[in-house]
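Q: Dropping the structure in here first, questions after.
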Amino acid sequence: MTYAVLHRLRLCHSPPLTTSTTTTPRRYSPTAVRCRCSGDNEMPLVKAIRVHDLGGPEVMRWEQVEVGEPKDGEIRVKNTAIGVNFIDIYFRQGVYSAPRPFVPGMEAVGVVTAVGPGLTGRKVGDVVAYAGKPMGSYAQEHIIPACVAVPLPPSIDHNTAAAVMLKGMTAHVLLRRVFQVQTGHSVLVHAAAGGVGSLLCQWANALGATVIGTVSNEEKAAQAAQDGCHHVIIYTKEDVVTRVKEITAGKGVNVVYDSVGKDTYKGSVECLESHGMLVSFGQSSGTPDPIPLSDLAAKSLFLTRPSLMHYTATRDELLQSAGEVFANVASGVLRIRVNHTYPLSQAARAHADLQARKTSGSIVLIPDD
């Protein structure tokens with residue numbers, strides 16, 4: 001679906017980005033709709049992953065919650081596929097804060113099951129994709145502002161869309177807005193076989209850049225090469241800075257895309273050419289130590305820590321970003337690897353595998369019946 005088509009479906013409502021759920025002790029039945037009645041009000045019940053205490057994957061609980069009814073400007077979505085991202089881990093660990101208890105998850109695809117009063121442009125049965133705030137997609141059903149949902153082109157299956165929505169828009173923002181990659185540029189992508197890394201490599205290659213990627217083993221190196229890396233560095237066997245200098249004849253790269261953080265920051269700075277930019281968009285190894293300005297002064301470097309939410313804050317920005325991602329998936333520029341699927345109830349195992357670097361490509365949670 002083109003951006004123009006998405007643009008025509010623009011919604012006018014911009015409701016507060018909030019949602020809430022509460023625990024109920026009633027037994028959940030997967031074969032029937034259960035409600036907790038209070039006077040004349042009936043609240044639909046669903047299952048969701050909730051976090052009451054910060055910590056490791058074990059703090060994620062499979063619980064029954066009330067989903068409620070959509071209010072003005074909101075829709076209720078029955079999720080069919082849910083994307084897993086490192087930002088979900090950051091919230092679970094407390095790197096990013098959220099009121100507890102909370103339902104993690106920033107990305108999903110599903111079918112609209114209810115529409116708030118007075119809302120136009122959405123109807124029950126619509127298939128939509130959404131990413132970003134409000135958090136809470138690790139649930140069978142989820143209420144979201146209608147303005148954050150985009151129509152899913154029928155040519156893209158639900159698992160693919162759930163895997164690419166957040167990561168794809170992240171790649172779009174990093175490559176086309178934070179630093180505009182062009183033919184002749186050289187780029188270094190850390191974690192090149194990961195969900196975002198894979199998309200960065202493919203897209204940067206299509207834009208005409210020389211792509212250098214870092215990975216941890218031979219299997220991931222093969223994937224990175226398939227995804228458009230001209231040079232793959234296995235950082236467990238080779239020194240990244242030395243190899244980058246060899247590849248670039250001592251010059252360095254124009255931009256480094258770093259989602260690793262603490263373990264890679266120093267090397268990323270050393271790999272940049274004069275006037276180069278370090279784009280730090282994740283911290284899977286931990287938060288980097290405080291950065292002295294003198295680190296940048298030696299080569300007049302630029303450093304940025306972008307957030308996707310700031311670049312898709314308006315409806316037009318969201319539709320443009322999602323439209324370009326879907327168009328590149330449809331054209332074959334972006335090949336999406338959904339290498340791992342887990343039942344939603346086993347989200348803790350998915351998190352553990354992701355943190356242990358046992359995964360490559362994208363992870364999708366499938367809501368349990």
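Q: Please state which one of 348, 297, 356, 330 is under 21 Å from residue 264 (Cβ atoms) and outside the structural domain of residue 261 (by TED's automatic domain parsing). Write out each step before concluding.
A: Working: 348 fails: under 21 Å from residue 264 (Cβ atoms); 297 fails: outside the structural domain of residue 261 (by TED's automatic domain parsing); 330 fails: under 21 Å from residue 264 (Cβ atoms).
On inspection, the qualifying residue turns out to be 356.
Q: So, in the stretch 179-205, exactly how many residues are of a type in the set (Phe, Trp, Tyr) and touching a helix residue (DSSP H, G or I) at 6+ places or on another chain (Cβ under 6 Å)?
A: Residues flagged as of a type in the set (Phe, Trp, Tyr) and touching a helix residue (DSSP H, G or I) at 6+ places or on another chain (Cβ under 6 Å) within the stretch 179-205 amount to 1.
Q: Check whether at least one residue in the stretch 172-185 is buried (at least 21 other Cβ atoms within 10 Å of the Cβ), modelled with pLDDT of 95 or more, more than 18 Å from the chain's Cα centre (by Cα) and in a strand (DSSP E or B), and report yes or no.
A: No.
Q: For residue 226, all conditions in the list (1) within 14 Å of residue 213 (Cβ to Cβ); (2) buried (at least 16 other Cβ atoms within 10 Å of the Cβ) hold save one; what is the number of the exception?
A: Residue 226 satisfies all of (1) within 14 Å of residue 213 (Cβ to Cβ); (2) buried (at least 16 other Cβ atoms within 10 Å of the Cβ) except (2).
Q: Now for a separate question. Could you check how many residues of the stretch 60-86 are within 14 Å of residue 350 (Cβ to Cβ) and of a type in the set (Val, Ile, Thr)?
A: We begin by selecting, within the stretch 60-86, every residue within 14 Å of residue 350 (Cβ to Cβ); these are 60, 62, 81-86.
Within this subset, residues satisfying the condition of being of a type in the set (Val, Ile, Thr) are 82, 84.
Qualifying residue count, the stretch 60-86: 2.
Q: Looking only at the stretch 91-115, filter to residues that are assigned to a helix (DSSP H, G or I) and crowded, with 18+ Cβ neighbours inside 10 Å; which one of those is nearest to the chain's Cα centre (by Cα)? Outline the logic, then answer.
A: Narrowing the stretch 91-115 to residues assigned to a helix (DSSP H, G or I): 91-93.
From what's left, crowded, with 18+ Cβ neighbours inside 10 Å: 91-92.
Numbers: 91: 13, 92: 15 Å.
Top of the filtered list is 91.
Q: Considering the stretch 230-251 alone, what residues qualify as being crowded, with 21+ Cβ neighbours inside 10 Å and either touching a Cys at 6+ places or on another chain (Cβ under 9 Å) or within 19 Å of residue 179 (Cβ to Cβ) (or both)?
A: Listed by number, the list holds a single entry, 244.
Q: Report, by residue number, each residue of the stretch 211-249 that is in a loop (DSSP other than H, G, I, E, B), among the hydroxyl-bearing types (Ser, Thr, Tyr) and under 24 Å from the mean Cα position of the chain (by Cα). Working first, answer last.
A: Step one: of the stretch 211-249, the residues in a loop (DSSP other than H, G, I, E, B) are 216-217, 227-230, 235-239, 248-249.
The next check asks that each one be among the hydroxyl-bearing types (Ser, Thr, Tyr); those that pass are 216, 235-236, 248.
Once the filter is applied, which keeps residues that are in a loop (DSSP other than H, G, I, E, B), among the hydroxyl-bearing types (Ser, Thr, Tyr) and under 24 Å from the mean Cα position of the chain (by Cα), the stretch 211-249 yields only 216.
Q: Looking at the stretch 221-236, which of its residues are closer than 12 Å to residue 189 by Cβ and of a type in the set (A, V, I, L, M, F, W, C)?
A: 224, 229, 232, 233, listed by residue number.
Q: Need the failing condition index for residue 137 against (1) surrounded by 23 or more Cβ atoms within 10 Å (Cβ to Cβ); (2) over 26 Å from residue 310 (Cβ atoms); (3) not assigned by TED's automatic domain parsing to the domain that holds residue 240, just the number.
A: (2)
The values are calculated or read from the model by the stated rules, or taken from the named source; none is laboratory data. Everything numeric here is computed off the predicted structure, so don't read it as measured data. Using ideal geometry, Cβ is built from the backbone for each residue, glycine included, and neighbour counts are taken over all protein chains shown.
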